[in-house]
């Protein structure tokens, strides 16, 4: 079922893909804006604010990675589903590292794309409805769900929307081991199956930003089960 009153921006230099996605999305009840590259997409966002963007990686002028980086540098938390024809894990990681909230490889199954799109919209709108809550803390890590900011000691940590959602979930359940399926359902509203590397990629991002240098390690892996945040 479509998330009501949702506007989707489709950014792809392949006209056939743009038109096919537009038809499918409109049939599913979405309003659709189209752009052929990142530059046009940035203009569209300023003129007609979408609820979510589907963005191809390889495009002329401004590519998908640069598009993501520009938005995130402007503190824009627009949910982004990245499409990539590249199959190497490093290429997918680059998209997530640029600020995308999810990725999908080409050629993709339309039903899966729609499911991921609905999950992004549900997460985004649920975040808009969150009630103010007190700051969460584990050791010297502080997470403020209200302002969606986090600090390790005195240093603020820059996080994407998905990174923050994952960190908040772990910190709210500090000391409890959360299994992979539960995390996928809570963060992505969709279990991508045992072969998905999304969760492992985001855990590695959080570790790079939080468990750095000589700081005590707070994010722990319980092999074969899942992840937990706890002070050592």
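The values are calculated or read from the model by the stated rules, or taken from the named source; none is laboratory data. Keep in mind it's a predicted model, so treat the numbers as computed, not measured. In this analysis, Cβ positions are derived from the backbone assuming ideal geometry, glycine residues included, and neighbour counts consider all displayed protein chains.
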Evaluate the range 91-102: report whether one residue or more is modelled with pLDDT of 85 or more and surrounded by fewer than 16 Cβ atoms within 10 Å (Cβ to Cβ).
-> no
From the options 145, 107, residue that is at pLDDT below 90 and surrounded by fewer than 15 Cβ atoms within 10 Å (Cβ to Cβ) | 107
Count - residues of the range 20-38 that are in contact with a strand residue (DSSP E or B) (Cβ under 8 Å, 6 or more places away or on another chain) and assigned to a helix (DSSP H, G or I) | 5
Top-ranked residue of the range 122-142 - restricted to ones that are modelled with pLDDT of 90 or more and within 25 Å of residue 98 (Cα to Cα), ranked as surrounded by the most Cβ atoms within 10 Å (Cβ to Cβ) | 141
Which one of the conditions (1) at pLDDT 90 or above; (2) more than 20 Å from residue 184 (Cα to Cα); (3) assigned to a loop (DSSP other than H, G, I, E, B) does residue 67 fail to meet, given that it meets all the rest?
-> (3)
Has the range 39-57 got at least one residue that is in a loop (DSSP other than H, G, I, E, B), touching a helix residue (DSSP H, G or I) at 6+ places or on another chain (Cβ under 7 Å), under 25 Å from residue 123 (Cβ atoms) and without any contact (Cβ under 8 Å) to a residue 60 or more places away in the chain?
-> yes
Just for helices (runs of 4 or more DSSP H) wholly inside the range 79-186: which have at least 1 residues that are more than 20 Å from residue 217 (Cβ to Cβ) and outside the structural domain of residue 209 (by TED's automatic domain parsing)?
-> 89-97, 110-129
Just one of the numbered conditions (1) at pLDDT 85 or above; (2) within 21 Å of residue 148 (Cα to Cα) is not true of residue 186; which one?
-> (1)
